[in-house]
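One structure below.
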Amino acid sequence: MTERVVPPRVVAAERIASEAGFKKSCIPEVGRLLGLAAAAKPHGVIAESGTGSGVGTAWLHSGLGGAARLVTVERDEELARRAAGVFADDERVSVLTGDWRLLEEHGPFDVFFCDGGGKRDDPQRVVDLLAPGGLLILDDFTPSPDWPPRFEGEVDELRLFYLTHPDLEATEVLTTPGSSAVVAARRG
């Protein structure tokens with residue numbers, strides 16, 4: 001059985017994460033989902049909040065169409081600088097330094113991987129940044145067999161917000177036995 005290929009930019013971004021001691025990078029299972037989402041919007045505007053070392057950005061880039069553009073934002077100036085270096089040869093990619101709200105100047109988005117700011121602190125604004133038909137991907141959830149979904153014995157209000165939002169068609173996808181992602185499309 002052959003192993004799945006990991007894109008070279010993902011490998012480069014993972015190296016930066018290791019060197020920087022950054023432990024919150026996108027896992028490969030979510031990364032492949034990001035590549036698929038970007039590939040589904042070949043002329044799209046793709047966004048990410050929470051660049052980190054650029055691992056998620058690199059997975060998005062792996063599916064990026066020739067006419068698409070990708071904008072990502074990271075608060076940590078050094079991580080943003082190093083992640084930008086991974087994409088320095090591709091003018092379709094912009095790495096911003098600062099608060100996630102900087103993304104508002106570049107939307108609406110056809111794909112939005114909300115991995116940093118916004119997901120918890122302003123979920124409605126996250127939804128508002130999506131174009132009609134835009135895909136939203138939120139990871140780092142713990143799977144719940146219950147409805148409504150629960151986390152640590154309590155109803156997971158954040159996950160419930162996205163899964164039941166009237167402007168979204170959403171589902172939860174198991175990414176590993178111990179993690180899940182919410183994937184949603186904005187209704188047109």
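The values are calculated or read from the model by the stated rules, or taken from the named source; none is laboratory data. The model shown is predicted, which means the values in this text are computed figures rather than measured ones. When we count neighbours, we look across all protein chains shown, and the Cβ atoms used for this are built from the backbone with ideal geometry, even at glycine. Calculation scope for accessible area: heavy atoms of the full protein, side chains included, ligands and nucleic acids excluded. Shrake-Rupley method; radii C 1.70, N 1.55, O 1.52, S 1.80 Å.
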Within region 160-188, count every residue that is at pLDDT 95 or above, under 11 Å from residue 130 (Cβ atoms) and over 15 Å from the mean Cα position of the chain (by Cα). 5
Report every pair of residues separated by at least 6 positions or lying on different chains whose Cβ atoms are under 6 Å apart, first residue within region 75-90 and farther than 17 Å from residue 103 by Cβ, second assigned to a loop (DSSP other than H, G, I, E, B) and of a type outside the set (Lys, Arg). 86/54
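Considering every residue within region 49-64, establish whether at least one is hydroxyl-bearing (Ser, Thr, Tyr) and part of a strand (DSSP E or B).
The answer is yes; a qualifying residue exists.
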Of all residues making up region 1-48, the number that are small (Gly, Ala, Ser) and at pLDDT 95 or above: 10
Expected output for region 21-36 (first residue in contact (Cβ under 8 Å) with a residue 60 or more places away in the chain, partner in a loop (DSSP other than H, G, I, E, B), Cβ below 9 Å, 6+ apart or cross-chain) is 26/52; 26/115; 30/115; 34/26; 34/63
Condition first: more than 15 Å from residue 123 (Cβ to Cβ) and either in contact (Cβ under 8 Å) with a residue 60 or more places away in the chain or in contact with a Gly (Cβ under 8 Å, 6 or more places away or on another chain) (or both). Now tell me which residues in region 135-180 satisfy that. 135, 142, 143, 173, 175, 176, 179
Which of the residues belonging to region 165-186 are open to solvent by 50 Å² or more (accessible area, probe 1.4 Å), farther than 14 Å from residue 141 by Cα and among the aliphatic types (A, V, I, L, M)? none
